[in-house]
Amino acid sequence: MFQQAIRRSGCAISRRWYSSSNKSSAGIAALEVYFPQKYVEQKELEAFDKVGDGKYTKGLGQTRMAFVDTDREDTASMCMTVFHNLLEKYQIDPKEISRLEVGTETPIDKSKSIKSYLMSVVPSAHTDLEGIDNIHACYGGTAAIFNAMYYLEHQRQINPNETKYAVVVCGDISNYKEAAARPSGGAGVVAMLLSSKDAALRVNLATKASHFEHVYDFFKPDPASPFPVVDGHYSNLCYLRSLDKCYQRFKKQSGKNLQDYDYSMFHSPYNKLVQKSLARLVYNDALDAKGVPSYINSSNVDASKLEQLLSVSQENSYSDKEIEKTFGALSTDVYNSKVEQTHLLSKELGNCYTASLYIGLASLVNNQGSNLNDKDLLMFSYGSGLAASMYEINAKENEGRFSLQNMQKVLNLQNRLQQRTKASVDEYASTVDSNVKRYLENNRQSTTGVDHLQKGTYYLKDIDQMWRRKYERK
Ligand SMILES: CC(C)(COP(=O)(O)OP(=O)(O)OC[C@H]1O[C@@H](n2cnc3c(N)ncnc32)[C@H](O)[C@@H]1OP(=O)(O)O)[C@@H](O)C(=O)NCCC(=O)NCCS
């Protein structure tokens, strides 16, 4: 009743007060990322692939793409690296962690979880550590966060005075067989410490909205292939339709819209789709407002043209280029102020699947640090097949090692990106070919050099006859 009355009043201050009175202080207290040391320039890929100049850089909005040589690194090694680095950089005693969840869609075994590999990073006596892998395309990282949050909430109810910690590790190596999809590959992983209290990035699930469906837009039916089967343009449609559903539900549940958020983050297979997503939120707000939303500063849109665009059926709206163009132009300033800052890593690394949304969060913390204090962030997660959720994060600066300021210092992304090595397109192409050839290979020693790997990186030593993998840490 009370919530409904506030919604009807349409008052932004009342809405903010209602939702903030409902929040817990659990959420993300520390963040670390890991990405491969080699990358290829999208500009050079355009020439190599003989597509038009600008197709990957402007058409998809990507700058560089990280790639992995699986002779030395795989999803398990990358997750061990980022998890171990998180513990060291924030001086976290692993014995304090009581839940460890993983999100991935590129596991290295159909049964044994990546989480089980992470157990080799914690002291051998610390075995009372629940959590396994969450697998559903790019949604696994978000599912892992929700699981960890539900666990922390449960712990808070059992013992409100105790602070409990969980860790979520998520990330992937993204590769496509089809030439058209290859520039939307990438690689990277994220590790996040979640705290039951006083987190600087408070995850608010009270107004979360989700959408699930059975579709075949991207899936991995062939166990002998490292590649997905992807219906690229259909996956874009499924993504945008899920965004609409989640946003409409989220608005109803929270009484808020885009205007109420300082930053907005989206799962990013490639940047252009995120630009379209932001435009789609503005389009949804225009449908509700029956005109240009009040938070759009300047608009030269002709009233009758707008009326005509807003009368297009939802089904036809996704393929309507005029709607895309008009709301793309209307949302440019909002994109620049609320979204661009979240794209440092996604443009440099490419699609990191389950980590994609969370490298966006890391990019924002890296760029803003303490300035994020009291800022509200809108999050949209999508996994093909499909699963999607929208929720919010409220930032509150802390002191000490779990402050936004310290996260910014630890992340240090610009420096770390600069330390990478640029590879030629030929090297990229031959590495991808070798990765495909050795997929499922056993009984082999790794031979590639490890000089280019940073200190603290886990790397593969060998795979024995029973496909058991041995790793070392540099
Ligand atoms: C996304 C994907 C379908 C694009 O492949 P494609 O069909 O070869 O690309 P398109 O011809 O549609 O071109 C992509 C964009 O670049 C633009 N473009 C093409 N050539 C261009 C050029 N020379 N300069 C500038 N832009 C160019 C196109 O106009 C198009 O823009 P639009 O999306 O605004 O219409 C493909 O990369 C893919 O399948 N990716 C994996 C799936 C995925 O990421 N799905 C997302 C949901 S999870």
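The values are calculated or read from the model by the stated rules, or taken from the named source; none is laboratory data. Since this is a predicted model, take the numbers as computed values, not measurements. As a convention, Cβ positions derive from the backbone with ideal geometry for all residues, glycine included, and neighbour counts pool all protein chains shown. Areas reflect the complete protein model, heavy atoms only, side chains present, ligands, DNA and RNA absent. Shrake-Rupley method; radii C 1.70, N 1.55, O 1.52, S 1.80 Å.
So the values come out like this:
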quantity: Accessible surface of segment 17-473, 1.4 Å probe, proportion on carbon and sulfur as whole %; calculated: 47
quantity: For segment 256-272 versus segment 73-108, the gap between their alpha-carbon centres in whole angstrom; calculated: 27
quantity: Cross-link pairs beyond the 22 Å C-alpha cut-off, checked among 256/375; 409/455; 164/256; calculated: 164/256
quantity: Whole-Hz ³J(HN,Hα) from phi, Karplus 6.51 cos²θ - 1.76 cosθ + 1.60, for segment 387-396, glycine and proline x; calculated: 9, 8, 8, 10, 8, 10, 10, 10, 8, 9
quantity: Stretchable slack from residue 213 to residue 25, in nm (0.36 nm times residue separation minus alpha-carbon distance); calculated: 64.5 nm
quantity: Simple Cβ-charge dipole of the chain, Lys/Arg +1 and Asp/Glu -1, about Cα centre, in debye nearest 20; calculated: 660
quantity: Scaled radius of gyration (Cα, divided by 2.2 N^0.38 Å) that segment 266-352 gives; calculated: 1.14
quantity: Taking all pairs of distinct alpha-carbon atoms in the chain, Kirkwood radius in angstrom; calculated: 22.9
quantity: For segment 318-337 versus segment 357-434, the gap between their alpha-carbon centres in whole angstrom; calculated: 25
quantity: Projected label distance in nm at residue 120 and residue 157, using a 7 Å step from Cα toward the beta-carbon; calculated: 3.8
quantity: Distant-in-sequence amide H partners of residue 103 (H built 1.01 Å from N, under 5 Å); calculated: 134, 169, 170, 171
quantity: Two-site label geometry, residue 437 and residue 111: point separation in nm, points 7 Å out along Cα→Cβ; calculated: 3.1
quantity: Residue 132/residue 468 FRET efficiency (R0 25 Å; Cβ-Cβ; nearest 0.05); calculated: 0.80
quantity: Amide H within-cut-off set for residue 266, under 5 Å, with H built and near neighbours excluded; calculated: 380
quantity: Convex hull volume per residue in cubic angstrom - Cα atoms of segment 395-474; calculated: 169
quantity: Residue list for segment 317-335, given a label point 7 angstrom along the Cα-to-Cβ vector of residue 289 and an amide N cut-off under 16 Å; calculated: 326-335
quantity: Accessible surface, segment 17-473, averaged per residue in Å² (probe 1.4 Å); calculated: 41
quantity: Protection proxy ranking of 209-219, 37-47 - average other beta-carbon atoms within 10 Å, highest first; calculated: 37-47, 209-219
quantity: Gyration tensor verdict on segment 299-346 (Cα atoms; rounded if a/c is under 1.5, prolate if a/b is larger than b/c, oblate otherwise); calculated: oblate
quantity: Percentage relative contact order, the chain, counting C-alpha pairs under 8 Å, at least six apart; calculated: 23
quantity: Gain upon complete extension [residue 229, residue 312; 0.36 nm per residue less C-alpha separation]; calculated: 26.7 nm
quantity: Normalised convex hull volume, segment 36-83, alpha-carbon set, Å³ per residue; calculated: 87
quantity: Cβ-derived FRET efficiency at R0 30 Å, residue 252 paired with residue 297, nearest 0.05; calculated: 0.70
quantity: Normalised convex hull volume, segment 159-203, alpha-carbon set, Å³ per residue; calculated: 94
quantity: Cα-based Rg and Dmax for segment 110-167, where Dmax is the largest Cα-Cα distance (Å); calculated: 13.1, 40
quantity: Solution diffusion estimate, µm²/s, Stokes-Einstein, segment 184-295, Kirkwood Rh from C-alpha pairs, 4 °C, viscosity 1.567 mPa s; calculated: 77
quantity: Shape metrics for segment 68-181, restricted to C-alpha atoms - Rg then Dmax, Å; calculated: 15.3, 55
quantity: Computed Kirkwood radius, in angstrom, where 1/r is averaged over Cα pairs of segment 181-221; calculated: 15.1
quantity: Gain in span if fully extended, residue 397 to residue 321, counting 0.36 nm per residue against the direct Cα distance; calculated: 23.2 nm
quantity: Histogram of C-alpha separations across segment 342-385, 5 Å bin width, %; calculated: 5, 21, 29, 22, 13, 7, 2, 0
